[in-house]
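Quick notes on the structure that follows.
Derivation of every value follows stated rules applied to the coordinates shown; laboratory data play no part. This is a predicted model, so every value here is computed, not measured. A quick note on method: Cβ atoms are made from the backbone with ideal geometry, for glycine too, and the neighbour counts reach across all protein chains shown.
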Amino acid sequence: MITIIVAAPAGAATYMGVAKTPSVVWVTDTPPPLPAAEPEMHQSMKSFVPGLVIVPLGGSVRFPNDDPFYHSVYSDSPGNEFDLGLYDTGPGKSVHFDTPGIVDIHCHVHGTMHATVIVVDGPYAQTQAPDEHYRIDGLSPGRHVLHVWSGGVVAPTTTIVVK
């Protein structure tokens with residue numbers, strides 16, 4: 001499906017929609033700027049906290065260990081594979097993400113631990129509730145792909161054109 005959006009006089013456009021479930025929605029475009037502080041995904045009580053982190057393409061996430069025992073954080077998601085090895089309590093280690101998409105995060109030591117990093121290659125929005133409205137500002141003219149991730153599932157993409 002193609003949606004046509006007319007850009008504002010300044011050359012940027014806004015895309016709005018409604019997410020049926022809590023979601024992350026992003027548009028392939030110029031990646032947003034890197035955050036001032038490196039996002040963190042803590043290991044606490046055999047869980048990843050928070051369980052979802054969104055990072056712009058080219059950004060990194062730090063994985064501190066708050067537990068009094070070892071963890072071994074890894075991902076085998078294509079394009080974003082990494083293995084931090086065993087490490088103890090402390091500031092943790094960072095991972096740089098160069099491929100857009102969904103990154104499933106696990107721990108070799110604790111098989112029930114799972115989290116998600118979403119690497120976005122354009123403006124994004126996150127919804128917290130079902131049927132929540134979202135807004136993505138600053139889209140540049142051209143053809144873009146709208147991505148939706150919800151509860152571990154990636155929906156089929158939609159093409160949008162900004163004129």
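Scan segment 104-127 and give yes if some residue there is in contact (Cβ under 8 Å) with a residue 12 or more places away in the chain, part of a strand (DSSP E or B), polar (S, T, N, Q) and over 16 Å from G17 (Cβ atoms), otherwise no. Checked segment 104-127: at least one residue is in contact (Cβ under 8 Å) with a residue 12 or more places away in the chain, part of a strand (DSSP E or B), polar (S, T, N, Q) and over 16 Å from G17 (Cβ atoms). Considering segment 133-163, the residues that are crowded, with 16+ Cβ neighbours inside 10 Å and touching a Lys or Arg at 6+ places or on another chain (Cβ under 9 Å) include one that is nearest to S72 (Cα to Cα), namely S150.
Restricting to segment 45-94, name every residue that is assigned to a strand (DSSP E or B) and within 22 Å of Q126 (Cα to Cα). Of everything in segment 45-94, those that are assigned to a strand (DSSP E or B) and within 22 Å of Q126 (Cα to Cα) turn out to be S47, F48, V49, L52, V53, I54, V55, P56, S60, V61, R62, F63. Given the conditions (1) outside any loop (DSSP other than H, G, I, E, B); (2) crowded, with 17+ Cβ neighbours inside 10 Å, which single one is not true for P31? Of everything listed in (1) outside any loop (DSSP other than H, G, I, E, B); (2) crowded, with 17+ Cβ neighbours inside 10 Å, P31 misses just condition (1).
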